Structure formats: C-alpha cells, structure tokens
Amino acid sequence: MLTTLNWLAETNEQLQLLVIDIKLLSGDTATQRLLSLKDKLFNWAN
C-alpha cells in the first residue's frame, strides 16, 4: 500500500511539472488533458 501511495505521489508531482512545461510550450488542450489525467489519478488514490 505504501509503495502505491509513494508511486502516486511521485506520479502526481511529475504530472504537475509536465503541466507547467506544456503551459509554457503549447496551448490549453494538452494541458487540460493532463490535468484530467492527474485528477483521475488523484481520485483513484482516494
């Protein structure tokens, strides 16, 4: 269980960094897709 939570925390952090990068490089569509994925991962963890 702890391993899964650690993985989710790391994944969430990486997704947040990726969203920041995409906001700097491109439009909102890709950002929205990633935010949706991040939310799904977060909801799954809870």
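Over the chain, one equal point on each Cα, no solvent: what is log10 I(q)/I(0) by the Debye formula at q = 0.31 Å⁻¹? Reported log10 I(q)/I(0), two decimals: -1.07. Helix 2-25 axis versus longest C-alpha principal axis of the chain: approximately 10°, rounded to the nearest ten. With helices as the sole contributors, the chain gives -31500 deg cm²/dmol at 222 nm; each DSSP H run of n ≥ 4 counts as -39500 (n - 2.57), and the sum is divided by every residue. Extension gain for residue 10 to residue 33 (0.36 nm times residue separation, less C-alpha to C-alpha distance): 6.4 nm. Net charge near residue 45: determine it from the other residues with C-beta under 14 Å of the C-beta of residue 45, scoring Lys and Arg +1 and Asp and Glu -1. Computed value for this residue: -1. To the nearest 10 degrees, how steep is helix 28-45 against the longest Cα principal axis of the chain, on a 0 to 90 scale? Result, in degrees: 10.
Rule-based calculations on the coordinates, nothing more; no lab input. Bear in mind that the values here come from a model prediction, so they are computed numbers and not experimental data. So basically every Cβ, Gly included, is an ideal-geometry build from the backbone, and we count neighbours across all protein chains shown.
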